[in-house]
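Worksheet for the structure shown next.
The values are calculated or read from the model by the stated rules, or taken from the named source; none is laboratory data. Being a predicted model, the structure only gives us computed values, none of them experimental. FYI the Cβ positions are ideal-geometry reconstructions off the backbone, even for glycines, and counts take in every protein chain you see.
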Amino acid sequence: MKVQDVNPAATASAGPGPGRRQPAAPGELLGRLRARHHGTDPVTHVERVPARPGEPAPWPRWTPEPLRAAFAGRGVAAPWRHQAEAAELAYAGNHVVVATGTASGKSLAYQLPALATLLADPRATVLYLAPTKALAADQLRAVADLGLDGVRPATYDGDTPRAEREWIRRHARFVLTNPDMLHHGILPGHAQWSGFLRRLAYVVIDECHTYRGVFGSHVAHVLRRLRRQCARFRGTPVFVLASATSGDPATAAGRLTGLPVVAVTEDTSPRGGVTFALWEPPLLPAAATPAPDADLLQVRRSALRETADLLADTVAEGVRTLAFVRSRRGAEVVAANARRALDEAVPGLGDRVAAYRAGYLREERRELERALLHGELLGLASTNALELGVDLVGLDAVLICGWPGTRASLWQQAGRAGRSGDEALAVLVARDDPLDTYLVHHPEALFGRPVEATVLDPANPYVLAPQLACAAAEAPLTPADLELFGDGAKEAVDSLVTAGALRQRPTGWYWRHRERPEVDLRGSDGAPVCVVEASTGRLLGTVDAGSSHVLVHPGAVYLHQGVSYVVDALDLADGCALVHAEEPDWSTHARDVTSLSVVSVRSYLDAGPVGLFLGEVDVTNQVVSYQRRRIASGEVIDTRPLDLPARELRTVAVWFTVSPRSLALAGVEAADIPGALHAAEHAAIGLLPLMATCDRWDIGGLSTAVHPDTEAPTVFVYDGHPGGAGFAERAYRTAAAWLRATRDAIAECGCEAGCPSCVQSPKCGNGNNPLSKPDAVRVLDVVLGHLPAPADGSVGGPTGGSGASVPRQPMP
Ligand SMILES: [Zn+2]
Ligand SMILES: [Zn+2]
């Protein structure tokens with residue numbers, strides 16, 4: 001179930017559960033937690049997020065009375081101002097994106113204009129797209145529960161019985177589906193949908209921030225194909241999008257739909273107050289570090305241990321606490337350590353802590369929730385299965401073990417704390433990682449204006465060509481269509497003609513084959529690799545081909561819904577990895593070697609001794625070995641060789657060059673240049689998710705003291721997907737802010753010679769060697785001294801939105 005995406009005014013919280021004593025004020029509780037840490041203070045920042053009253057607004061005057069009554073029946077007396085604003089914009093015919101916080105009632109913002117239109121015009125239809133079937137099912141329930149006459153909502157996805165499909169096509173007026181079904185089912189069968197598409201008034205795109213990278217780029221073209229089919233009937237549906245808070249949502253929504261989109265970003269829903277602490281585990285003394293791998297000089301106390309201690313401390317205080325941990329194994333380590341610590345203090349107290357994970361039966365989950373809400377259980381360590389799954393709110397404290405990847409996830413998790421009227425405590429415990437470290441030292445990046453943007457690149461030729469083939473198979477392409485599909489469409493069509501897929505006639509371009517093109521929205525990087533449990537033959541999931549060598553090489557520990565498996569064999573010919581369930585107490589980390597050549601430059605900035613470039617590159621990458629590391633301590637157990645073929649990738653990269661002379665003037669000795677660049681590259685990759693929603697698997701890097709194509713010391717950061725995914729481009733557009741954050745993350749880290757919190761990388765192909773922390777700061781100071789500063793001087797001021805039309809020019 002999606003977490004209470006209804007008007008919060010409707011859900012006045014129940015009072016304290018039976019037999020609960022009043023919890024300590026969060027400020028006092030935090031004071032006692034940090035006091036137990038002798039020596040250094042682990043708290044880097046405390047933010048009091050004040051309670052906010054809601055700002056209700058009148059219903060738009062066009063709201064039909066039955067709709068108003070239906071919402072009132074659900075407890076919504078009036079919309080919040082942002083809901084009303086978005087609804088007014090959409091009703092007036094503007095494409096609009098609502099980008100506000102978790103549980104701010106985004107669904108009302110699109111339900112209001114869409115349902116009002118369905119009630120006012122008995123012919124109109126609405127198409128709703130969700131990233132998951134589960135979310136579509138929730139929305140179906142929400143719309144059906146309103147009990148409005150004649151709306152006839154229905155889901156249409158892979159699970160819809162054949163017998164019902166025709167009824168839905170002919171009679172349903174609020175159709176809920178997902179992009180895959182639109183791509184594979186509805187658009188190829190557009191003739192059967194012509195009545196529905198002809199009358200389409202609104203397209204609702206929920207959780208639109210999930211359409212990012214290569215997948216997002218594909219979805220962008222699926223939406224253009226939809227618009228083309230509507231246009232054949234002179235239909236121009238209004239697009240209403242709902243997004244998590246992000247940097248520049250109007251630009252992202254504009255790229256996704258290809259339309260001008262207005263953003264509503266001010267959240268006027270009420271919220272409870274939270275005391276939010278940022279917590280950095282202390283560095284361990286160098287001598288105490290286990291040293292089978294000499295390159296790991298210094299590490300921090302692990303976030304898991306720190307979280308376990310905090311959980312034990314809050315439970316000992318009688319505070320109901322939920323700890324979020326990324327993996328199931330990690331959640332169990334946290335729960336077990338907390339139980340042990342509590343039992344040592346008061347035998348039996350450990351019984352009040354449990355672990356919670358995906359994979360539990362529904363009844364088991366309900367029982368744990370009940371026990372926690374009633375105070376029989378005081379502490380729960382959970383994987384983020386809870387994040388989307390369950391209705392568990394109103395806790396006294398939430399511990400978040402490691403940056404969950406996006407601000408949306410962070411607030412979703414923190415939002416579990418606090419009941420009406422009570423202040424709650426949330427603690428983010430940093431992992432030993434450059435981004436976590438940066439964030440706990442730069443609270444403005446968490447609590448200020450959002451900077452991470454949802455990026456996609458519809459101009460990617462590896463996405464554009466197959467999508468144009470799909471479009472041509474649906475109806476011949478015309479010159480006007482090429483404009484709809486945007487930059488690069490003409491080139492892509494020409495290449496399809498050359499390849500024999502399309503035939504050019506005076507009236508347009510025709511698909512030449514009987515069968516439709518087979519296109520996977522998740523990537524064109526070869527068929528995905530199936531992950532199969534060897535003993536049962538059960539298909540657990542798929543891994544895209546591009547990351548299969550890294551994620552499911554023989555010996556890899558593979559996590560699926562929080563359950564861990566070990567890979568027995570990777571059969572590249574069959575595209576299949578055989579695994580068995582096992583929960584070893586180590587994790588695995590693949591290592592690779594990379595070479596890169598520049599194909600062309602799209603755009604560049606000449607800044608004297610510093611150059612900044614965006615362009616196409618060819619990358620050759622080979623996964624050569626992997627490390628095993630203890631989960632609890634991070635200690636390296638061993639490094640094992642792998643025998644996998646090299647992979648070739650043409651993609652988009654951002655790179656900067658620095659003249660050797662300017663480096664010498666800055667005090668970087670020639671011999672230290674490789675270590676300086678390498679360290680800067682690692683940290684820059686670690687910090688890119690601050691600017692763009694991506695993770696380590698989406699990007700790669702290479703640094704070299706002299707590159708044959710640039711003839712200068714160079715750092716490359718590239719998209720790990722064929723044709724690029726938009727991440728390198730976002731890095732190019734925000735280079736000054738991105739590299740400033742990188743520089744600060746390194747300079748402010750308390751270690752001496754570099755650690756996983758600043759310049760070491762868990763996936764370094766060279767065993768983190770050479771690395772020079774102080775020289776990396778010098779290099780970045782030279783670069784930043786020459787790049788123009790971000791427009792507004794803040795950390796993430798977007799220095800350019802679209803940029804999609806940068807001409808592609810050959811390398812001089
Ligand atoms: Zn460090
Ligand atoms: Zn490296």
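Quick notes on this structure:
- Qualifying residue in region 145-152 (condition: under 24 Å from GLU474 (Cα atoms) and of a type in the set (A, V, I, L, M, F, W, C)): no
- Close contacts from region 744-767, counting a first residue that is within 15 Å of LEU688 (Cα to Cα) and a second that is more than 7 Å from ligand 1 (Cβ to nearest atom) and aromatic (Phe, Trp, Tyr), with Cβ to Cβ under 6 Å and a gap of 6+ residues or different chains, come to ALA745/TYR438.
- Pairing each residue of region 673-684 that is of a type outside the set (A, V, I, L, M, F, W, C) with any residue that is more than 15 Å from ligand 1 (Cβ to nearest atom), provided the two are 6+ apart or on different chains, yields C-beta distances under 6 Å for PRO674/ALA705; PRO674/PRO770; GLY675/PRO770; HIS678/SER703; GLU681/GLY701; GLU681/SER703; GLU681/VAL715.
- Residue in region 676-695 that is buried (at least 21 other Cβ atoms within 10 Å of the Cβ), under 18 Å from the mean Cα position of the chain (by Cα), away from ligand 1 (no atom under 16 Å from the Cβ) and at positive phi present: no
- Among residues of region 404-456, those that are among the β-branched types (Val, Ile, Thr), surrounded by 22 or more Cβ atoms within 10 Å (Cβ to Cβ), at pLDDT 80 or above and under 18 Å from the mean Cα position of the chain (by Cα), counted: 2
- Subset of region 738-762 (residues that are farther than 29 Å from ASP41 by Cβ and under 20 Å from the mean Cα position of the chain (by Cα)): TRP738
- Restricting region 203-228 to residues that are of a type in the set (A, V, I, L, M, F, W, C) and in a helix (DSSP H, G or I), the residue that is nearest to CYS470 (Cα to Cα): VAL222
- Residue that is modelled with the highest pLDDT [pool: residues in region 514-552 that are of a type in the set (Gly, Ala, Ser), surrounded by 19 or more Cβ atoms within 10 Å (Cβ to Cβ) and part of a loop (DSSP other than H, G, I, E, B)]: GLY523
- Taken over region 754-771, residues that are among the small types (Gly, Ala, Ser), more than 9 Å from ligand 2 (Cβ to nearest atom) and farther than 22 Å from TRP279 by Cα amount to 0.
Residues checked against (1) exposed (fewer than 14 other Cβ atoms within 10 Å of the Cβ); (2) over 18 Å from LEU226 (Cβ atoms):
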position: PRO466; (1), (2): no, no
position: CYS470; (1), (2): no, no
position: ALA475; (1), (2): no, no
position: THR478; (1), (2): yes, no
position: LEU484; (1), (2): no, no
position: THR507; (1), (2): yes, yes
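- Matching residues in region 750-777 - criterion: being more than 21 Å from THR588 (Cα to Cα), within 11 Å of ligand 1 (Cβ to nearest atom) and out of contact with any Leu (no Cβ under 9 Å at 6 or more places or on another chain): LEU771, LYS773
- Within region 486-503, being touching a residue at least 24 places away in the same chain (Cβ under 8 Å), assigned to a loop (DSSP other than H, G, I, E, B) and out of contact with any Leu (no Cβ under 6 Å at 6 or more places or on another chain) holds for GLY486, ASP487, ALA501.
- Residue count for region 197-247, restricted to those that are among the hydroxyl-bearing types (Ser, Thr, Tyr) and within 22 Å of THR478 (Cβ to Cβ): 1.
- When residues of region 582-599 are limited to those that are part of a strand (DSSP E or B), free of Cβ contacts under 8 Å to residues at least 60 places away in the same chain and of a type outside the set (A, V, I, L, M, F, W, C), the one farthest from GLU711 (Cα to Cα): SER587
- Taken together, VAL214, VAL219 contain a single residue that is crowded, with 22+ Cβ neighbours inside 10 Å and farther than 26 Å from ALA86 by Cα, which is VAL214.
- Among the residues listed as LEU468, LEU464, LEU456, the single one being part of a loop (DSSP other than H, G, I, E, B) and among the aliphatic types (A, V, I, L, M): LEU456
- Selected residue (criterion: surrounded by the fewest Cβ atoms within 10 Å (Cβ to Cβ)) from residues of region 698-725 that are within 15 Å of ligand 2 (Cβ to nearest atom) and among the hydrophobic types (A, V, I, L, M, F, W, C): ALA705
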